[in-house]
Structures are given as structure tokens and as C-alpha cells.
Amino acid sequence: MQLLKERLITLHHCPRLSCKSIRHLLRHDPTLENLYKYTPSDMASLFSITHQQAEAIHQYIRINNMSKLHSIYKAQNIRLITIFDHEYPSLLKEIYDPPLVLYLKGNHHLLNTRMLGMVGARKMSSYGSEALQSLIPPLISENFTIVSGLAKGVDIHAHCLAMKMKGNTIAVLGSGIFNIYPKEHKKIADFMSQYHLLLSEYPPYTAPTKWNFPMRNRIISGLSEGVIVVEAKEKSGSLITADQAMEQGREVFAVPGSILSETSKGTNSLIKQGAKLVADTNDILEELKGGKLVN
């Protein structure tokens with residue numbers, strides 16, 4: 001099993017090799033026993049990639065020294081969990097496309113707690129701020145860990161309020177742990193990496209890219225028993241998270257708002273589509289009453 005995990009981590013660091021391609025290989029070779037025996041032609045076929053890409057990967061896995069990277073990660077207190085590890089969050093494993101490797105910095109025991117995703121507008125209004133101040137303290141009292149994406153607006157305010165209330169919070173990143181985005185949240189992220197948890201499916205040196213963030217959102221919902229959308233425009237990344245939560249069978253909660261507010265159009269639309277209207281925290285707790293602590 002240890003060799004399988006090491007091989008998987010090596011593949012996970014290969015530039016331009018997607019998780020989808022790695023899954024192709026795992027279906028053919030579940031133990032990755034033949035990884036170092038494959039020719040570039042074999043890899044092109046097994047990964048469903050071009051021969052040129054296969055050549056690059058073939059060379060990478062033979063010359064790359066993962067021990068040096070592991071030493072750096074260890075020195076920075078970064079923990080790696082693969083989908084084959086028993087510590088891997090059971091709820092996250094249930095989704096359609098769970099991450100193959102998770103990179104963690106901070107209190108990894110938070111993955112054993114009950115989690116709720118909280119997302120919303122980057123340009124949060126005063127109403128959004130008041131909604132967070134109303135909803136988060138009772139959730140903290142019920143020992144829920146608040147999961148969000150460290151983005152501007154609702155995300156960062158949810159993290160900070162959870163910490164202020166002496167609760168726990170997890171930031172799911174759309175970049176590697178060494179490349180915090182946005183940069184102005186690095187100080188908060190550094191604090192979270194000591195007392196809470198930073199989590200990413202991307203190797204630590206990965207730079208933020210726009211297509212990473214929709215992928216990040218499926219992890220926020222995948223870790224959580226439910227997702228609360230506080231404010232969102234009609235076209236919003238928060239709605240992507242809500243859609244993914246619905247597809248994953250998670251509860252979706254939406255805070256209603258004024259019909260005149262742009263940042264309430266998305267949440268009001270979610271309610272019309274069947275999301276649970278949240279007037280206070282009891283609306284959330286009633287839906288999760290039968291929920292059980294996982295892991």
C-alpha cells in the first residue's frame with residue numbers, strides 16, 4: 001500500500017497530468033505496479049494523452065526526486081493524504097470525482113468533525129455581514145466546523161468570524177499551500193495553518209488559475225453535510241458550489257434577500273429551485289438533526 005501511495009503522489013506532481021488521466025491508469029493498473037515499466041507509447045494509450053505528453057511524463061517520473069519535495073513538505077508541516085488512506089474524509093470520498101491526493105497544513109483532526117460549507121458574494125453587503133453574525137455563532141455552539149474558500153467577501157468573513165467565536169474553520173484552496181490566493185489573505189491563512197486547517201488538492205507550489213476554483217468548490221461541498229449560500233449574484237461561483245452540493249446529495253441552504261439587491265438574486269433563485277430558506281440557524285439545524293458525525 002505504501003508503494004501505491006508513493007507512486008500516486010509522484011504521478012500527482014506530474015505537470016499537465018490531470019486526475020482524470022490518472023484515474024484512467026488506475027482502472028487499468030489499480031496498484032500502479034507497472035508504472036516504471038510503461039513505455040511512452042503505453043502511457044499515451046493508458047492516460048489518453050498525446051505521445052509528446054507521454055514522453056514528458058515518462059521522463060519526469062524517472063528523474064524526479066520526490067524525497068526532496070517530501071523533506072520540504074515535512075519541514076513546512078504539510079501532510080499528504082491519498083484516497084487510499086483511512087484518514088481520507090469519508091463524505092468527500094463519496095462524490096463523483098474525489099481528489100486523489102489532499103495536501104493539508106494545520107489541524108487535520110478537523111476532518112473528523114461535522115462540517116458545513118459557507119459561501120457567498122465576494123462583494124459582500126452589510127446585510128451579508130449581519131447574516132453571518134447571526135448564523136455562525138449558533139453553528140459554532142453546535143460544534144460545526146465552517147468550511148469555505150478563503151476568497152474575498154463572505155468566505156473570509158466566515159473564516160474570521162468562526163475563529164473569533166473560538167470555533168473551527170477549514171479553508172479549501174484553489175492553489176497550492178505555498179501560493180495563497182488572494183495574497184492579502186496570507187496573514188490569516190498563516191494563522192489558520194497553525195490552529196485551523198488549510199486544504200488543497202493541488203501540490204503546494206501550484207499557482208492559482210481561474211479553472212482551479214470551480215474544482216475547489218466541489219471539495220467545499222463534498223466535505224460538508226450542507227452548504228449555506230449567504231449572498232450571490234445571478235451568475236456566481238457560489239451557485240456553482242450550490243449546484244455541486246445538490247449533485248452530491250448535500251443539503252443546500254440559502255439566505256433570502258431583497259428583490260432589489262443584486263447580491264440576493266442568486267440566493268432567491270436557489271430558494272425557488274428548492275433550496276432550504278434560512279431565516280435563522282434553526283432552519284439549518286432542523287434539516288441536519290439526523291446527521292451523524294462521520295469518519
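May I ask you to derive the relative contact order of the stretch 247-288, considering only C-alpha pairs under 8 Å and at least 6 residues apart, and to give it as an integer percent? Please report the intermediate quantities before stating the final value.
Values: 41 pairs, mean separation 17.0, N = 42.
Relative CO of the stretch 247-288 lands at 40 percent.
Give me the number: length gained by fully extending GLN133 to TYR195, i.e. 0.36 nm times residue separation minus the C-alpha to C-alpha distance, one decimal in nm. If you can, show how the numbers build up before the last one.
Working: separation 62, 0.36 × 62 = 22.32 nm, distance 2.14 nm.
Full extension of this stretch gives 20.2 nm more.
Based on the alpha-carbon gyration tensor of the chain and its eigenvalue square roots a ≥ b ≥ c, which shape applies: rounded if a/c is under 1.5, prolate if not and a/b is larger than b/c, or oblate? Intermediate values should be presented prior to the final figure.
Values: a/c = 2.07, a/b = 1.86, b/c = 1.11.
In terms of gyration-tensor shape, prolate.
Over the chain, calculate the relative contact order: mean separation of alpha carbon pairs under 8 Å at least 6 apart, over the residue count, as a percent.
Once divided by the residue count of the chain, the mean separation gives 16 percent.
Quick check on the stretch 2-64: take the gyration tensor over C-alpha atoms, sort the square-rooted eigenvalues as a ≥ b ≥ c, and tell me if it's rounded (a/c under 1.5), prolate or oblate. Intermediate results must be reported in sequence, preceding the final value.
Values: a/c = 1.42, a/b = 1.22, b/c = 1.16.
Rounded, because the longest to shortest axis ratio a/c is under 1.5.
If you take the charge dipole of the stretch 1-100 about its Cα centre, with +1 on Lys and Arg Cβ and -1 on Asp and Glu Cβ, which of SER71, HIS28, PHE84 is farthest toward its positive end?
It is SER71.
List the residues of the stretch 63-99 whose backbone N lies under 20 Å from a point placed 7 Å from the Cα of ASN112 along the Cα-to-Cβ direction.
78-94
For the stretch 191-295, what does the alpha-carbon gyration tensor say about shape, rounded, prolate or oblate, given a ≥ b ≥ c as the root eigenvalues, a/c under 1.5 as rounded, and a/b over b/c as prolate? The partial results should precede the final answer.
Details: a/c = 1.99, a/b = 1.30, b/c = 1.53.
Oblate is the answer for the stretch 191-295, as a/c is 1.5 or above yet b/c matches or exceeds a/b.
Find which of ALA56, TYR38, SER18 sits farthest along the positive direction of the dipole of the stretch 2-64, computed with +1 on the beta-carbon of Lys and Arg, -1 on that of Asp and Glu, about the Cα centre.
SER18
Listed highest first by mean packing, meaning other Cβ atoms within 10 Å per residue, what order do 3-14, 69-80, 239-250 come in?
Working: 3-14: 17.7, 69-80: 14.5, 239-250: 20.7.
Packing proxy ranking, top to bottom: 239-250, 3-14, 69-80.
What's the FRET efficiency of GLU234 with ARG16 using the Cβ-Cβ distance as r and R₀ = 41 Å, to the nearest 0.05?
Plugging the Cβ-Cβ distance into 1/(1 + (r/R0)^6) gives 0.75.
Throughout, read-outs are computed from the coordinates displayed, never taken from laboratory work. Quantities reported herein were computed from a predicted structural model and do not represent experimental measurements. Positions of Cβ are generated from backbone atoms using ideal geometry, with glycine treated the same way; all protein chains shown enter the neighbour counts.
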